[in-house]
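Novice: So that we are looking at the same thing, I have put the structure below in structure tokens.
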Amino acid sequence: SQQGEEDPQALSIQEGENATMNCSYKTSINNLQWYRQNSGRGLVHLILIRSNEREKHSGRLRVTLDTSKKSSSLLITASRAADTASYFCARVKGSARQLTFGSGTQLTVLP
Amino acid sequence: SAVISQKPSRDICQRGTSLTIQCQVDSQVTMMFWYRQQPGQSLTLIATANQGSEATYESGFVIDKFPISRPNLTFSTLTVSNMSPEDSSIYLCSVLAGDETQYFGPGTRLLVL
């Protein structure tokens, strides 16, 4: 079962707007990874942020991590219709390297 | 990054039958994992596929239902045995890359009638 939550569960915005998704967790982590999934297909890796990092950027994506609050956020700037997808955060803890996934946010970008 | 393929991409099966899903990666990797995504849900880890030894299963998943093979560092199979409609899901394999990133295959969409 998931050990954290993402909010919002669903987000609908207009093209060009920014989208922010949040992820909370309950235990310590080694790193946290964000993924995108289009229509029940495979997962595309977006960004990995380590526990000693606070912010990372990749193109229009910005991820922040606050280990004191056990939370992370994913910001997509200047959104496009092609960004419509489900976004998941996944936490890695310990040497086993398994991912524990959040519940996901369904993002819809309206043209 | 790693390039991962899965076969079949989708299948429709009758209850009581079994299906074996293959996962092939284009480079040798130490760790491979199998996940299940039930309709409308997030991903749940089934097991870690260990090369040369038995897989390590998560709570709620057992070897008799989900036998896993890992004959080498680039290939693994997951079998869904004695299927029921509740097994209808997307099954995904993933691999751990050297930079701690996990890459996923395209998934196998299974429908059990």
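The values are calculated or read from the model by the stated rules, or taken from the named source; none is laboratory data. The shown structure was predicted, so the numbers you read here are calculated from the model rather than taken from an experiment. Cβ sites come from the backbone with ideal geometry, for glycine too, and all protein chains shown count toward neighbours. Calculation scope for accessible area: heavy atoms of the full protein, side chains included, ligands and nucleic acids excluded. Shrake-Rupley method; radii C 1.70, N 1.55, O 1.52, S 1.80 Å.
Novice: Criterion first (assigned to a strand (DSSP E or B) and open to solvent by less than 40 Å² (accessible area, probe 1.4 Å)) does residue B:94 satisfy it?
Specialist: yes
Novice: I want to confirm something. Restricting to the range B:1-10 and keeping residues that are out of contact with any Ser or Thr (no Cβ under 7 Å at 6 or more places or on another chain) and farther than 11 Å from residue B:107 by Cα, which single residue is modelled with the lowest pLDDT?
Specialist: Out of the qualifying residues, it is B:1.
Novice: Report, by residue number, each residue of the range B:1-28 that is under 23 Å from residue B:84 (Cβ atoms) and open to solvent by 90 Å² or more (accessible area, probe 1.4 Å).
Specialist: Result: B:7, B:10, B:12, B:14, B:15.
Novice: Keeping to the range B:49-72, report how many residues are open to solvent by 60 Å² or more (accessible area, probe 1.4 Å), closer than 30 Å to residue A:7 by Cα and away from chain A (no Cβ under 11 Å).
Specialist: 0
Novice: Of all the residues that make up the range A:26-42, how many are over 12 Å from the mean Cα position of the chain (by Cα), in contact (Cβ under 8 Å) with a residue 24 or more places away in the chain and open to solvent by less than 80 Å² (accessible area, probe 1.4 Å)?
Specialist: Count: 6.
Novice: Pull up the range B:34-48, narrow it to residues that are without any contact (Cβ under 8 Å) to a residue 40 or more places away in the chain and either away from chain A (no Cβ under 13 Å) or assigned to a loop (DSSP other than H, G, I, E, B) (or both), then point me to the one that is least open to solvent (accessible area, probe 1.4 Å).
Specialist: So, considering only residues that are without any contact (Cβ under 8 Å) to a residue 40 or more places away in the chain and either away from chain A (no Cβ under 13 Å) or assigned to a loop (DSSP other than H, G, I, E, B) (or both), the one least open to solvent (accessible area, probe 1.4 Å) is B:42.
Novice: If the Cβ limit is 9 Å and pairs must be 6+ apart or interchain, which residue in the range A:63-76 that is within 12 Å of residue A:24 (Cα to Cα) and among the charged types (D, E, K, R) pairs with which residue that is modelled with pLDDT of 95 or more and part of a loop (DSSP other than H, G, I, E, B)?
Specialist: Pairs found: A:66/A:54.
Residues are listed down the side, and each one gets a yes or a no for (1) of a type in the set (A, V, I, L, M); (2) within 21 Å of residue A:111 (Cα to Cα):
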site: A:7; (1), (2): no, no
site: A:10; (1), (2): yes, yes
site: A:14; (1), (2): no, yes
site: A:37; (1), (2): no, yes
site: A:47; (1), (2): yes, no
site: A:50; (1), (2): no, no
site: A:82; (1), (2): yes, yes
site: A:87; (1), (2): no, yes
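Novice: Separate question: What number of residues within the range A:73-97 are open to solvent by less than 30 Å² (accessible area, probe 1.4 Å), aliphatic (A, V, I, L, M) and at the interface with chain B (Cβ under 8 Å from one of its Cβ atoms)?
Specialist: 2
Novice: Residues to consider are B:31, B:83; find the one that is more than 20 Å from residue A:36 (Cβ to Cβ), modelled with pLDDT under 95 and either loosely packed, with under 13 Cβ neighbours inside 10 Å or over 11 Å from the mean Cα position of the chain (by Cα) (or both).
Specialist: B:31
Novice: Determine whether residue A:100 is more than 14 Å from every other protein chain (Cβ to nearest Cβ), under 13 Å from residue A:31 (Cβ atoms) and of a type in the set (S, T, N, Q).
Specialist: no
Novice: Quick one: in the range B:68-91, of everything that is in contact (Cβ under 8 Å) with a residue 60 or more places away in the chain and assigned to a loop (DSSP other than H, G, I, E, B), which residue is farthest from residue B:21 (Cα to Cα)?
Specialist: B:84
Novice: Considering (1) surrounded by 19 or more Cβ atoms within 10 Å (Cβ to Cβ); (2) within 17 Å of residue A:90 (Cβ to Cβ), say which one residue A:19 fails and leave the rest.
Specialist: Single failed check for residue A:19: (2).
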